[in-house]
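Notes follow once the structure below has been shown.
Each value in this text was obtained by applying a stated rule to the coordinates, not by laboratory testing. Since this is a predicted model, take the numbers as computed values, not measurements. Every residue, glycine among them, receives a Cβ derived from its backbone with ideal geometry; neighbour counts consider all protein chains shown.
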Amino acid sequence: MKSIFILVPASFISGLVIGFYLYGYQILSDQNIFTQLLPLVPIVTMVVVISNTLNEWYKELVLGFGEITKNNEPAYYLQIAKIRGNKAAEECEGRLSIDDIKDAISVWSFDNERVRTISLSECIRLFRLENNVNFCFPSANSDDGFKKSGKRFLEVKRPFSEYINKELTVEIGSKNGFRLKTTIPISEILSLKNQNKSRKEQFMNKLKNCFSKK
C-alpha cells in the first residue's frame, strides 16, 4: 500500500512531462493519428497504475470492530467483521486484558469456540454480568480441560464496584498474520455503545476543541 504514494505521483509527473514533450513535437511536425494519440499516454499510464494499486488494496485483509451486543445471561460480546479482502481471517483468537488479568483467551459466540475463522463476522465474548455484583471474564479451557470438564471456558470473577471504571483491552489475532486491537471502557460496554460511532464522536470532539481554542 505504501507504493501508491510513490508510484502514482511518479507516473503522473513522468507521464505529464512526456505528454507535453510529445504534444509540442506534434505541433512542430505534420499531424497524424499517431501523434494526436500520444498525449493520452500519461493519462493511460496513471489509470493503469491506480487500477492495479486499488486492486491490491481491495485484496488486502482488513478486519474491524462492530457493535457490542448482549444475550440473556447477560453476557456481552464485541462483533469482529471483515471489511475487505479476498481471503478469510483464519483461526482467529481473541485475548482480553484488564488490570491484573493479562491476555486471557476468550471464546467466540458460536459454540463457545476458542478459535474461529472469520469470513464475514463473528462475536467475541467480553464478560458476563453476575447480578451487578461480579464481572465474570472468560478464560478458554484447554483441549484436555474441555475433555475432563465438558466446559469450553472458565470464568474469572472480579468485583463490580472495583472494575466498573476500568478499561478492557481486546486483541484479535489470526493465523494468517492479521492483528486488531482496541481498548474500551467497561461503562461503554454496559451501555452497548457502538465502537464505530464512538470513534467518530471522539474525532468530532477533538475537531470542535481545535476550533474553540483561541
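Some points to look at:
- Coupling constants for region 140-147 follow from the phi torsions by the Karplus curve (6.51 cos²θ - 1.76 cosθ + 1.60, θ = phi - 60°), and in residue order they are 4, 7, 6, 4, 5, x, 5, 5 Hz; glycine and proline get x.
- Rounded if a/c under 1.5, otherwise prolate or oblate - region 122-177, Cα gyration tensor axes: oblate
- Long-range amide H partners of Ile80 with built H, under 5 Å: Gly66, Glu122, Cys123, Ile124
- Charge sum, other residues only, whose C-beta stays under 15 Å from Pro159's C-beta, Lys/Arg counted +1 and Asp/Glu -1: -1
- Anisotropy class of region 62-207 from Cα gyration tensor, a/c 1.5 cut: oblate
- Backbone HN-Hα couplings from phi across region 120-126 [Karplus 6.51/-1.76/1.60, Hz, Gly and Pro as x]: 10, 7, 9, 10, 9, 6, 9
- Subset of Lys70/Lys193; Lys166/Lys193; Lys157/Lys193 violating a 18 Å alpha-carbon distance limit: Lys157/Lys193
- Estimated distance in nm for a label pair at Asp103 and Ser149, the labels positioned 7 Å out from Cα along Cα-to-Cβ: 2.1 nm
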